[in-house]
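Reading through the structure tokens given below for one structure.
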Amino acid sequence: MFTGIVEELGEVVTIENLGDSSRFRLRGPLVTEDAKHGDSIAVNGVCLTVVDTADGEFTADVMAETLKRSSLGALAAGSRVNLERPMALGGRLGGHLVQGHVDGTGTIAERTPGEHWEIVKISLPATLARYVVEKGSITVDGVSLTVVDAADDYFTISLIPTTLDLTTLGIKKVGDPVNLEVDVLAKYVERLLGRGTAQTAADLKDLEEIKEMDR
């Protein structure tokens, strides 16, 4: 589990194509300080498992499904990436609960600079838009952010100087893809409400059958 508070702006060193997967080597001196084989590190919001570490770098295998569903497939040697280690039990939850399970990708549609911040508009599929609400939380490339405005096919976020300076969101251009993870609580609520509706319909059907038997 992560918090969406990026610890380090890392870099892709190499990408090895293994056919049905790829092996990434990434530079991240801070996140590898205490990392070992089997640990998790979020890369642009995608939870990856550490294969090995050496000299401030680590390797991780990325399956074809992850490359297809996320924007990791668009990375190349030299690409900058957001890195975060898992939240320690008892640690501060500075952002919101982030699983590192990317739901899909969006696209940077507009960037509107302000005097001290920047408004960024991101387009997204309708299948994800229904989980995005004004003042709700969303994870963009591993960064926990608050939604400023939400519509059927886009949402906007406001980026402060710290986020612009210390994450990839400061260098993303219009047209660039970004990883999106919606608030998992919204998906749980939808599932529970759906089950509740189905159960209510089933109960009503049973009640009608009982009434018919009594006639």
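The values are calculated or read from the model by the stated rules, or taken from the named source; none is laboratory data. Please read these numbers as outputs of a predicted model, since none were measured by experiment. Positions of Cβ are generated from backbone atoms using ideal geometry, with glycine treated the same way; all protein chains shown enter the neighbour counts.
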Problem set entry | For residue 45: the one exception among (1) over 30 Å from residue 154 (Cβ atoms); (2) surrounded by 13 or more Cβ atoms within 10 Å (Cβ to Cβ) | (1)
For this session: Being basic (Lys, Arg) and assigned to a loop (DSSP other than H, G, I, E, B) is the filter here, so list the residues in the range 58-89 that pass it.
Result: 85
Exercise. Is at least one residue of the range 177-192 assigned to a helix (DSSP H, G or I) and either more than 30 Å from residue 121 (Cβ to Cβ) or modelled with pLDDT under 55 (or both)?
Worked result: yes
Exercise. Yes or no: residue 115 of a type in the set (Asp, Glu) and over 17 Å from residue 47 (Cβ atoms)?
Worked result: yes
Problem set entry | Near pairs, Cβ below 7 angstrom, 6+ apart or cross-chain, from the range 124-136 (within 18 Å of residue 178 (Cα to Cα) and part of a helix (DSSP H, G or I)) to any residue that is among the acidic types (Asp, Glu) and modelled with pLDDT of 90 or more | 126/152; 126/153; 128/103; 129/152; 129/153
Problem set entry | Qualifying residues in the range 1-39 (those that are surrounded by 17 or more Cβ atoms within 10 Å (Cβ to Cβ) and of a type in the set (S, T, N, Q)) - the one nearest to residue 181 (Cα to Cα) | 3
